[in-house]
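Novice: Handing you a structure now.
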Amino acid sequence: MIELRTLGTLNIEGSGGNSLATIQGRSRRLALLVYLAAARPAGPQRRGALLTLFWPEAEAAHAHAALRQSVRVLRNALGERAIRGLGRDALVCDSELLWCDAAAFDAACDAGRHMEALRLFAGEFLAGFSIPGAPEFDTWMMSMRARLQARAAAAATTLAEEADAAGELAPASEWAARTLEFDPDNEAAMVRLALMLDRQGERARALDVHDAFTAHLRRDFGVGPSPETQRLGRALRASGRPKAGALWTHSSAEHPPGSIAVLPFLNLGDDADFEYFCDGMTEELIADLSSFKGLSVAARTSSFAFKGRNDDVRRIGSRLGVSHLVEGSIRRTGERVRVTAQLIDVESGFHRWADTFEMPLADAVNLPGEVFRRIAPALEREVASRSRRPSRGTSDRDAYLLFLRGQFHLYKRSPADLEKARALFEEAVERDPLYAAAHGGLANALVALPVYCGVSTGDCLPRALETAALALALDPDLASAHSARSLGLAMYAWDWKGSEESALRALENEPQDVVLRSLYAFYVLAHAGRFEAALAEAAKARDADPLSLPANAYVAYIAYLARRHDLAEATCRATLELNGTFPLALWVLEMTLEELGRTSEAVRLARSLAEATQGSPMFTAHLARALARAGATSEAQTLSASVEAELPPKSPVWYWLAGVHGALGEVDKGLAALERAVKARSNFLVFAAVHPTLDPLRGSTRFQAILRTLGMLASDPEAPVTLR
């Protein structure tokens, strides 16, 4: 057995312990061997991809000759069977004859043998190694280095958690320290280690860990730690022992006091279309109750998961983690509405408050406020005080009803619903041009159109920014308008600083809104490579709204962007347990399977998504890329060509075609497609600096020029992106 060690000191030894110096003396041939032995997905590697990696500047005949000569030398040194040809298109390394520590490390991680994996991880992958004139190989090497380092950190984290659960604090803190060693930017790992040390009575060491991490952030990135980490530092310096639960987790109580969920109001009238009004009342009441200081209100999506169901209140309370439920019904009779509402104590199942009242439909704009006014006294003993109740923003009944209809369709997010939402919001602002919330709703519908409908950004995002600006002129604190402005500045103007400022303003005004927090995590933090902070914010949103499909899927997408593919897959599958057809989770899972090397699964999933969307250009491009990654070159090229032939110049899908060409090894074509995406101002370019699908293109100077055009500078797919 020949041993190839790539983790730490690069070395290759024959079965007798003899060093194979003839190979080690030629870095390009050794690099070829490393690639064949360690690349993921494991197995056959296409000759065309090898030529691009190792001889990118050579003429075709010379490159083919160099590859043949390199393979011949490797076979002479290692044995004829060590590297085999599969037809004329691929080469494969025989793992039974050549053992590679990086491949063994991956296998141990895949099998959950974390201790074995970390024994193999002797150091950085190909430390100090490079090949002149092979930028694609350097890009692959950096990506591989980051991926293996991330897997080592994940393995150490698992061992730390297992030891901690077993009450073995000393080994737990040692593994936690290894995690931070592998991933020095990991804020959660630092917190875990500091808390473990403190529990062992080593507060001085815990403070040293905290302070060193804070200094690292400020020195290397020019930023401070999160508010939670700052609180940890203050707690460590105080006389009382810090509590992990208070800093980083939810209360363990099944029904924490001061917590409430509003279940969707039932529509008891004969008009099925009046459902939008009942949903709107529910959403408005959730927003109003969220204005209580100290009252934790379950997010909309989690509450709406129980719509139309007749579950026991104790089960609902347990599932949502709340101590109280509000439920009710609305019956419309002619031009009057009758509202019944009740406040239920989850633990006992008894009513704490109930009321019934009627009012004219003409006063609908005042109805949520009336429910709020009646229920508030019953909650006063649960909370210290409340802030001002949000204003309805209009006195025009019809404008308000149009706004509620628009919100109803906006939440559905299908192309048809988004177009309907846009039309309804436009009617609302026509009825009342000073209705800030309706302008905010319109801006959000407009920014969603490129993402969900493939609409050209130039056809909707400039107007979205104008509409958001008008909404903010009417109401400077309107969170929905700040959020729409943040998205528009990122997806169209490439104004990253302005986008972050607007996202933070939105969260400042609506801190409990999980949608705003998820969008901040995804579009502001993750796009800039600030993955640990992004994952923390996305997880916070998911934990606040555990039944929200988008909140769960955003955690998965950010994990995928961070190359934490095991976490991405697990989160996708957990999301799909809530809804097995949720497109975003299926899409992220398909891309993740590609990165995990399970290309046949990825192709099946990509094909089903393309079929489900009637062959949309975007999902057809995804299928083409999956096929290319699986080695089905001919079909991938055919699909890619069919999409490209019919794609309008302003389509945002040019971005995804760049990834297809990259997977096919067609770097120039991929860069040309990406340049067309820049010209079209594709909204997907937000993630150009970090998205794995563009990794094959990153070594090119043209790619770096594109990042400069976008205001991004990145040398490593996992490094934080510097924004101008």
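The values are calculated or read from the model by the stated rules, or taken from the named source; none is laboratory data. Small disclaimer: the values here were computed from a predicted structure and weren't measured. Every residue, glycine among them, receives a Cβ derived from its backbone with ideal geometry; neighbour counts consider all protein chains shown. The protein model used for the area step is the full one, side chains on, heavy atoms only, and it has no ligands, DNA or RNA in it. Shrake-Rupley method; radii C 1.70, N 1.55, O 1.52, S 1.80 Å.
Novice: If R₀ is 30 angstrom, what is the calculated FRET efficiency for the pair R373 and L578, using the beta carbon separation as r and rounding to 0.05?
Specialist: So, using R0 = 30 Å, E works out to roughly 0.30.
Novice: In addition: Within 13 Å, Cβ to Cβ, of A641, how many net charges do the neighbouring residues add up to if Lys/Arg are +1 and Asp/Glu are -1?
Specialist: Every neighbour counted, the sum reads -3.
Novice: Which of the residue pairs K497/K669; K307/K420; K540/K679; K497/K650 have a Cα-Cα distance greater than 27 Å in the structure shown?
Specialist: Table pairs above 27 Å Cα-Cα are K497/K669; K540/K679.
Novice: Can you send over the carbon and sulfur percentage of the accessible area for the chain, probe radius 1.4 Å, protein chains only?
Specialist: The value for the chain is 51 percent carbon and sulfur by accessible area.
Novice: For region 523-539, take each phi angle, set θ = phi - 60°, evaluate the Karplus expression 6.51 cos²θ - 1.76 cosθ + 1.60, and give the result in whole Hz per residue in order, putting x for glycine and proline.
Specialist: Rounded to whole hertz, the list is 7, 9, 7, 5, 4, 9, x, 8, 6, 5, 5, 4, 5, 5, 5, 5, 5.
Novice: Right, here's the next one. Between A473 and E162, 0.36 nm times their residue separation minus their Cα-Cα distance comes to what?
Specialist: Net length gain for the segment: 106.6 nm.
Novice: On to the next question. Going 7 Å from the Cα of D273 toward and past its Cβ, which residues in region 426-448 have a backbone nitrogen under 18 Å from where you end up?
Specialist: Zone members listed by number: 426-428.
Novice: Using the beta-carbon distance between M115 and S95 and R0 = 25 Å, what value does 1/(1 + (r/R0)^6) give for FRET efficiency, to the nearest 0.05?
Specialist: Values: r = 22 Å, r/R0 = 0.88.
That pair, M115 with S95, gives E of 0.70.
Novice: Here's another thing I want to ask about it. Per residue of region 420-435, what does 6.51 cos²θ - 1.76 cosθ + 1.60 with θ = phi - 60° give for ³J(HN,Hα)? Whole Hz please, x for Gly and Pro, Karplus curve as stated.
Specialist: Per residue, the Karplus-derived 3J(HN,Hα) values read 5, 4, 4, 5, 5, 5, 5, 5, 4, 6, 5, 5, 9, x, 9, 8 Hz.
Novice: Just one of (i) 16, 45, 31, 8, 1; (ii) 10, 14, 14, 13, 14, 12, 12, 8, 3, 0; (iii) 16, 48, 29, 6, 0 is P(r) over Cα pairs in 20 Å bins from 0, in percent calculated from these coordinates, so which is it?
Specialist: Recomputing P(r) over Cα pairs in 20 Å bins from 0, in percent here gives the entry labelled (i).
Novice: Using θ = phi - 60° and the Karplus form 6.51 cos²θ - 1.76 cosθ + 1.60, what ³J(HN,Hα) does each residue of region 643-654 get, whole Hz, x for Gly and Pro?
Specialist: Along region 643-654, the couplings run 5, 5, 5, 10, 7, x, x, 8, 5, x, 6, 4 Hz.
Novice: 7 Å from Cα along Cα→Cβ at both E13 and R314: what's the point-to-point distance in nm?
Specialist: Distance between label points: 6.5 nm.
Novice: Same structure, new question: Using the heavy atoms of the protein chains and a 1.4 angstrom probe, tell me the accessible area per residue for the chain in square angstrom.
Specialist: So the chain comes to 42 Å² accessible per residue, rounded to a whole number.
Novice: If r is the Cβ-Cβ distance from R338 to A416 and R0 is 30 Å, what FRET efficiency results, to the nearest 0.05?
Specialist: Efficiency, rounded to the nearest 0.05: 0.40.
Novice: Next up: By how many nm would the segment from A60 to E124 lengthen if fully extended, with 0.36 nm per residue of separation less the alpha-carbon distance? Working shown, then result.
Specialist: On the way: separation 64, 0.36 × 64 = 23.04 nm, distance 3.34 nm.
Gain on stretching A60 to E124: 19.7 nm.
Novice: Once you have the Cα-Cα distance between A204 and S642, take 0.36 nm times their residue separation minus that, and quote the gain in nm to one decimal.
Specialist: Contour length minus the Cα-Cα distance gives 151.3 nm.
Novice: Keeping all protein chains in the complex and leaving out DNA, RNA and ligands, what accessible area do you get for H64 with a 1.4 Å probe, in Å² to the nearest 10?
Specialist: Taking all protein chains as shown, H64 has close to 80 Å².
Novice: Follow-up. Tally Lys/Arg at +1 and Asp/Glu at -1 over every other residue whose Cβ is under 11 Å from the Cβ of D89; what's the total?
Specialist: That works out to +3.
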